[in-house]
Amino acid sequence: MKRQLDGCSNGSKRSTEAVDTTHLYDKPPNWTSNACLGVAKERLIMENVNPGYFSTDPYFPIKVLNYSLVVYTATLTVLLLYVSLSVTIPFASGEYSFLQYLAWYLFFSVLLNWMLILKNSSVFTSNQFVKTSEEGDKYCDICKHWIPPRGHHCVLCMKCILRRDHHCYFTGTCIGFRNQRYFVVFCFDVSVSCGLGWYFLMLYLDSNFKTFWSEDNYHYLLPLTFVEWLLRWGGIQAFDLFLLTLAWWSFATFVTALVYFSQQMFVIVRGQTSYEYSRDVHTYRTVLCKHLKSVFGPFWVINFAFPLFFIQQEGNGISYVANLKEV
Ligand SMILES: [Zn+2]
Ligand SMILES: [Zn+2]
């Protein structure tokens, strides 16, 4: 059964074999039938038509959100390391031990994977030629070039992304063919860091602030404790309020990162991107081993201990073999 890959295709027959990338595509674009997400809005901007937001840029709110969440991630990473090393873990272990080294390792692993996410952007440029000779391929009206299978335009990055999964606001870039492997490890490391950070914060607060399993545990409700601190009730100290805020912040990020990590592994195991999963596209599903290698490379599990950036994953991000049974 034929499945339409995404909203950018023009509805014609899709290739069922590996895409040949050796010839230039010479067919003129079909300007009227490409309905990529964001194309209509971009045209409004180009035609100087205010699309109805308070800014003439319809993406202004999500751009602000993008930069805000990058600051969120960076701030939490540094704060959590500092508090863990200087306050909570010494309280828990009493000496500079394995837990402190683990905190440093997680900190550097998060930063290294974040750097690799940004460095290995999955941007597709027109000089990376795509030829399909099939009628169903997509044309990006904004970048003015054809897009390989599984690629999509990102309205925040303003570029076409190879095997695009999604735009990550927490790292500030698109996740696609080249950097998805680092993003998954980044989510894993952030969830472990924040989970451990939250655990030690709670141990510290339980002993030095208010006993959690007692009638005093309502002090762990952050808005209430904040009001108490403002009104100088109950002897709430600013430092206690800071640690309590950091504990809730860590817990929320722990849950968020764990959800992202689980969701990413789920779609990778299924041989899909998040974009394809949301549209029930199974065109490129093969076997589990190939799905993992196409994202992480041949020694996929080692990436979780150390990012194997010098070993490429399978494929080139441009041509794919479609699953004949599914098409
Ligand atoms: Zn584009
Ligand atoms: Zn993007």
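Going by the conditions given, is V71 within 21 Å of S191 (Cβ to Cβ) and either at pLDDT 85 or above or under 22 Å from the mean Cα position of the chain (by Cα) (or both)?
Criteria met by V71.
Since T171 meets every condition but one in (1) within 16 Å of ligand 2 (Cβ to nearest atom); (2) among the β-branched types (V, I, T); (3) more than 25 Å from A103 (Cα to Cα), which condition does it not meet?
(3) is the only condition that T171 fails.
Would you please name the residue that is farthest from ligand 2 (Cβ to nearest atom), looking only at residues in region 144-161 that are surrounded by fewer than 24 Cβ atoms within 10 Å (Cβ to Cβ), assigned to a strand (DSSP E or B) and more than 21 Å from the chain's Cα centre (by Cα)?
Restricting to residues being surrounded by fewer than 24 Cβ atoms within 10 Å (Cβ to Cβ), assigned to a strand (DSSP E or B) and more than 21 Å from the chain's Cα centre (by Cα), the top hit is W146.
List the residue pairs whose Cβ atoms are under 6 Å apart, where the first residue sits in region 115-126 and is within 16 Å of ligand 1 (Cβ to nearest atom), the second is among the basic types (K, R) and not in a loop (DSSP other than H, G, I, E, B), and the two are 6 or more positions apart or on different chains.
What qualifies is V123/K159.
Given the conditions (1) over 11 Å from the mean Cα position of the chain (by Cα); (2) farther than 22 Å from S84 by Cβ, report the number of the one that Y204 does not fulfil.
Result: Y204 passes all but (2).
Sort out which residues of region 158-180 are within 14 Å of ligand 1 (Cβ to nearest atom) and of a type in the set (A, V, I, L, M), and write them in order of number.
M158, I161, L162
Taking the stated definitions as given, is T225 modelled with pLDDT under 90 and within 22 Å of L76 (Cβ to Cβ)?
Judged against the criteria, T225 is a match.
For (1) crowded, with 17+ Cβ neighbours inside 10 Å; (2) within 16 Å of ligand 1 (Cβ to nearest atom); (3) modelled with pLDDT of 95 or more, each residue gets a yes or a no:
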{"position": "E95", "(1), (2), (3)": "no, no, no"}
{"position": "L102", "(1), (2), (3)": "no, no, no"}
{"position": "L112", "(1), (2), (3)": "yes, no, yes"}
{"position": "V130", "(1), (2), (3)": "yes, yes, no"}
{"position": "K138", "(1), (2), (3)": "yes, yes, no"}
{"position": "D141", "(1), (2), (3)": "yes, yes, no"}
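Give the residue, chosen from V190, V155, that is more than 10 Å from ligand 1 (Cβ to nearest atom) and in contact (Cβ under 8 Å) with a residue 60 or more places away in the chain.
The unique qualifying residue is V190.
Condition test on V78, is it touching a Phe, Trp or Tyr at 6+ places or on another chain (Cβ under 9 Å), over 15 Å from W198 (Cα atoms) and in a helix (DSSP H, G or I)?
Here the answer is no, as V78 does not meet what is asked.
Restricting attention to helices (runs of 4 or more DSSP H) lying wholly within region 191-285, give those where 1 or more residues are among the β-branched types (V, I, T) and surrounded by fewer than 17 Cβ atoms within 10 Å (Cβ to Cβ).
Once the helices (runs of 4 or more DSSP H) in region 191-285 are filtered for at least 1 residues that are among the β-branched types (V, I, T) and surrounded by fewer than 17 Cβ atoms within 10 Å (Cβ to Cβ), what remains is 222-230, 238-269.
The values are calculated or read from the model by the stated rules, or taken from the named source; none is laboratory data. Treat the numbers as computed from the prediction; the structure is a model and nothing was measured. Backbone-built Cβ (ideal geometry, glycine too); neighbour counts: all protein chains shown.
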